[in-house]
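The structure under discussion appears below in the form of structure tokens.
The values are calculated or read from the model by the stated rules, or taken from the named source; none is laboratory data. On a predicted model such as this, the values are computed, not experimentally measured, just so you know. When we count neighbours, we look across all protein chains shown, and the Cβ atoms used for this are built from the backbone with ideal geometry, even at glycine.
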Amino acid sequence: MILHTLCLIASLAGAQSLESLSAGAAGMALPAFKFTPAAVVAAPRAASLPRIGTIQGGMNHSPVDVTFDRRAGRITGGMNLSPLDVAIDYDASTIKGGANHSPVDLKFAWTPEGVAVAGGANRSPVKYEVTWSKGVLEGYSNHAPVRVEFDLETGKLTGYADRAPIELQYDKVSGRLTGGMNRSPVDVTLINLDLYDFLTYIFLFLK
């Protein structure tokens, strides 16, 4: 009941900003990656992994309870004291819906080499690239630069976002991600997910 009410409030409050963010997103080009269409890579990857993944715990001084449905291309739940419901269209290469009390309207390109995301979310322009071989995510969101250096083997992430440092450690065995970002402690557990998911959709975890 509470989540339904929050969804209603968020949709009413975000109606006008969805239109303005969509207009801004339409004119924002993706980073210049020579990527194949997202459906060629992302959909097969999703099909090869467990259908449902979850993230539970706490960050940004609030509880996190998020479900990834890979086959349906949907991320739902709640975090940052806000309902979360976004749809991923692999054929159209879009991520649309609502999160963090804000409409989400993003385009993406996705291959084994990296991910590029651009558009609007968190009531701000969003544009970032993740390059797996270099271990770097770089761009901007929330009216601030974002840069994360990561090591997929050790699970260490360092950098900055929201004008605050990022110091995180991911344990591949337990799926636990701990440390700090957004001037807040982080302690969440990723089940049937990994750092690829966290970094690809990092806009969800910023505040």
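Once the range 157-207 is narrowed to residues that are part of a loop (DSSP other than H, G, I, E, B) and touching a Ser or Thr at 6+ places or on another chain (Cβ under 6 Å), the residue that is modelled with the highest pLDDT is 175. Within the range 86-113, the set of residues being touching a residue at least 12 places away in the same chain (Cβ under 8 Å) and over 19 Å from residue 205 (Cα atoms) comprises 89, 90, 91, 93, 109, 110, 111, 112, 113. Note on the range 44-102: residues that are at positive phi and over 14 Å from the mean Cα position of the chain (by Cα) total 6.
Has the range 158-170 got at least one residue that is under 24 Å from residue 191 (Cα atoms), touching a residue at least 40 places away in the same chain (Cβ under 8 Å) and not acidic (Asp, Glu)? Checked against the condition, which is being under 24 Å from residue 191 (Cα atoms), touching a residue at least 40 places away in the same chain (Cβ under 8 Å) and not acidic (Asp, Glu), the range 158-170 yields no hits at all. Test residue 146 against the stated conditions and say whether it is surrounded by fewer than 15 Cβ atoms within 10 Å (Cβ to Cβ) and either at pLDDT 95 or above or in contact with a strand residue (DSSP E or B) (Cβ under 7 Å, 6 or more places away or on another chain) (or both). So residue 146 does not fit the description; no. Within the range 101-128, the set of residues being farther than 14 Å from residue 161 by Cβ, among the charged types (D, E, K, R) and either in a strand (DSSP E or B) or in contact with a helix residue (DSSP H, G or I) (Cβ under 8 Å, 6 or more places away or on another chain) (or both) comprises 105, 107, 123.
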